[in-house]
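The values are calculated or read from the model by the stated rules, or taken from the named source; none is laboratory data. For clarity, every value in this text was computed on a predicted model and none was experimentally measured. With ideal geometry, Cβ positions are generated from the backbone for all residues, glycine too; neighbour counts draw on all protein chains shown.
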Amino acid sequence: MCVALFLWQAHPLYPFFLLHNRDEYYSRPAQPVAWWDNGEILGGRDGLAGGTWLACSRDGRIAFVTNVREVAKGPPPKSRGDLPVRFLESKMNPTEFAEEILKEAHQYSGFNLILVDLSFKSMIYVTNRPKDGKALVSEVPPGIHMLSNASLDTPWPKAVLLRSNFKKYLEKYGAGELPAEELTDKLMTDTTKADKTMLPGIYSVEFEYSLSSIFVETNTEKGCYGTRSISAVSAKTNGEVTFYEKYLEEERWKEHTVSYMMEWMGTS
């Protein structure tokens with residue numbers, strides 16, 4: 001039950017800036033952010049299905065996925081974590097890839113997928129669970145956006161809280177650099193729970209209440225569940241991409257940062 005906030009084409013220094021929490025069962029194996037085998041994809045890797053929740057590539061493309069909160073109706077034939085990988089490995093632009101995915105969207109459990117191509121200033125949102133008559137594929141306009149386990153910019157309490165707190169930091173730092181580590185520490189570790197009357201009512205009240213904070217930590221019948229990694233991904237106008245990750249490994253929090261220059265800027 002992840003939560004993400006991102007700034008898109010609305011800052012003089014950062015065409016893209018993302019804060020992201022990945023929530024999962026502690027027992028599910030996962031590898032921290034690293035360059036994958038071919039050295040072209042940078043991201044974390046799910047140790048069970050092999051896909052990713054968030055990754056980027058050397059050519060200025062970024063993708064991340066969240067699940068849609070719903071009552072499961074059986075095991076899906078395809079893993080949602082494959083979607084970001086397939087986009088980054090493809091030669092398609094975000095719109096082309098989105099249209100391709102729509103042909104098989106019914107084969108996945110509910111998902112929200114963000115596809116970014118920085119070289120063409122393109123960001124596309126794809127979902128197979130649209131609400132209120134909205135499209136399955138839409139272009140994301142410039143601005144601050146929030147994404148949890150409902151459709152893009154749905155005002156779930158923790159998403160609204162994250163956006164409000166992030167705006168305060170934008171006012172503080174203005175057009176200057178945004179301190180990724182400080183933002184993750186101050187914003188993404190917030191354990192404030194939502195008012196129970198504001199919960200979406202898909203699961204039991206108590207379970208949803210335990211998931212209603214930005215940073216999640218709870219016990220379930222299947223074991224411990226909660227925030228496993230906290231990430232900040234930024235892309236600057238000069239082509240520099242920085243991927244900061246703080247992740248839980250063997251009950252200890254570790255952190256690391258990977259930076260590189262996008263190849264479309266002429267530097268590898």
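Over 30 Å from R61 (Cβ atoms), of a type in the set (F, W, Y) and in contact (Cβ under 8 Å) with a residue 40 or more places away in the chain, is that true of Y225?
Numbers: over 30 Å from R61 (Cβ atoms): yes; of a type in the set (F, W, Y): yes; in contact (Cβ under 8 Å) with a residue 40 or more places away in the chain: yes.
Answer is yes for this residue.
Within the stretch 37-63, work out how many residues are assigned to a strand (DSSP E or B) and polar (S, T, N, Q).
Of the residues in the stretch 37-63, 1 are assigned to a strand (DSSP E or B) and polar (S, T, N, Q).
Just need a number here: residues in the stretch 27-65 that are among the aliphatic types (A, V, I, L, M) and buried (at least 21 other Cβ atoms within 10 Å of the Cβ). Working first, answer last.
We begin by selecting, within the stretch 27-65, every residue among the aliphatic types (A, V, I, L, M); these are 30, 33-34, 41-42, 48-49, 54-55, 62-63, 65.
Remaining after also requiring buried (at least 21 other Cβ atoms within 10 Å of the Cβ): 33, 41-42, 54-55, 62-63, 65.
So the count comes out to 8.
For S122, are the conditions met, namely being within 28 Å of Y203 (Cβ to Cβ) and touching a residue at least 24 places away in the same chain (Cβ under 8 Å)? Before you say what the answer is, go through the steps one by one.
Numbers: within 28 Å of Y203 (Cβ to Cβ): no; touching a residue at least 24 places away in the same chain (Cβ under 8 Å): yes.
No; evaluated as a whole, the condition is false for this residue.
For W253, which of the numbered conditions (1) at pLDDT 95 or above; (2) over 20 Å from the mean Cα position of the chain (by Cα) fails to hold?
It fails just one condition, (2).
Between A194, A159, A135, which is in a loop (DSSP other than H, G, I, E, B) and either surrounded by 15 or more Cβ atoms within 10 Å (Cβ to Cβ) or among the charged types (D, E, K, R) (or both)?
Working: A159 fails: in a loop (DSSP other than H, G, I, E, B); A135 fails: either surrounded by 15 or more Cβ atoms within 10 Å (Cβ to Cβ) or among the charged types (D, E, K, R) (or both).
A194 is the lone residue from the list that is in a loop (DSSP other than H, G, I, E, B) and either surrounded by 15 or more Cβ atoms within 10 Å (Cβ to Cβ) or among the charged types (D, E, K, R) (or both).
Would you check which residues across the stretch 81-132 are of a type in the set (D, E, K, R), outside any loop (DSSP other than H, G, I, E, B) and surrounded by fewer than 19 Cβ atoms within 10 Å (Cβ to Cβ) and list them? Outline the logic, then answer.
First, the residues of the stretch 81-132 that are of a type in the set (D, E, K, R): 82, 86, 89, 91, 96, 99-100, 103-104, 117, 121, 129, 131-132.
If we keep only those that are outside any loop (DSSP other than H, G, I, E, B) as well, we get 82, 86, 89, 96, 99-100, 117.
Within the stretch 81-132, D82, R86, E89, E96, E99, E100 meet the criteria.
Select from the stretch 131-148 the residues that are under 21 Å from Y203 (Cα atoms) and modelled with pLDDT of 95 or more and list them in ascending order.
Result: L147, S148.
Pick from the stretch 9-62 the residues that are acidic (D, E) and in contact (Cβ under 8 Å) with a residue 60 or more places away in the chain: which of them is farthest from E240 (Cα to Cα)? Steps first, answer last, please.
Of the stretch 9-62, the ones acidic (D, E) are 23-24, 37, 40, 46, 59.
Of the ones still in play, those that are also in contact (Cβ under 8 Å) with a residue 60 or more places away in the chain are 23-24, 59.
On the way: D23: 27, E24: 30, D59: 11 Å.
The extreme case among them is E24.
Given the structure, is P75 assigned to a loop (DSSP other than H, G, I, E, B) and either of a type outside the set (A, V, I, L, M, F, W, C) or modelled with pLDDT of 95 or more (or both)?
Working: assigned to a loop (DSSP other than H, G, I, E, B): yes; either of a type outside the set (A, V, I, L, M, F, W, C) or modelled with pLDDT of 95 or more (or both): yes.
Taking the combined requirement at face value, the residue satisfies it.
Listed here are the residues, each with its yes/no results for (1) assigned to a strand (DSSP E or B); (2) of a type in the set (A, V, I, L, M, F, W, C); (3) in contact (Cβ under 8 Å) with a residue 60 or more places away in the chain; (4) surrounded by 14 or more Cβ atoms within 10 Å (Cβ to Cβ).
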| position | (1), (2), (3), (4) |
| --- | --- |
| N219 | yes, no, no, no |
| S229 | yes, no, yes, yes |
| S234 | yes, no, yes, yes |
| N238 | no, no, no, no |
| V241 | yes, yes, yes, yes |
| K246 | yes, no, yes, yes |
| W253 | yes, yes, no, no |
| Y260 | yes, no, yes, yes |
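Could you grab me the full set of residues in the stretch 197-217 that are part of a loop (DSSP other than H, G, I, E, B), of a type outside the set (S, T, Y) and surrounded by fewer than 19 Cβ atoms within 10 Å (Cβ to Cβ)?
First, the residues of the stretch 197-217 that are part of a loop (DSSP other than H, G, I, E, B): 199-204, 211-216.
If we keep only those that are of a type outside the set (S, T, Y) as well, we get 199-202, 211, 214-216.
Hits for the stretch 197-217 are P200, G201, I202, F215.
Within the stretch 162-184, can you find the residues that are surrounded by 14 or more Cβ atoms within 10 Å (Cβ to Cβ) and either out of contact with any helix residue (DSSP H, G or I) (no Cβ under 9 Å at 6 or more places or on another chain) or farther than 17 Å from S259 by Cα (or both)?
Of everything in the stretch 162-184, those that are surrounded by 14 or more Cβ atoms within 10 Å (Cβ to Cβ) and either out of contact with any helix residue (DSSP H, G or I) (no Cβ under 9 Å at 6 or more places or on another chain) or farther than 17 Å from S259 by Cα (or both) turn out to be L162, R163, N165, F166, Y169, L170, Y173, A180, L183, T184.
Do you know which of the residues in the stretch 7-27 that are polar (S, T, N, Q) and within 20 Å of T52 (Cβ to Cβ) is nearest to the chain's Cα centre (by Cα)?
Kept after step one, since they are polar (S, T, N, Q), are these residues of the stretch 7-27: 9, 21, 27.
Of the ones still in play, those that are also within 20 Å of T52 (Cβ to Cβ) are 21, 27.
Working: N21: 7, S27: 21 Å.
For the stretch 7-27, the residue satisfying everything is N21.
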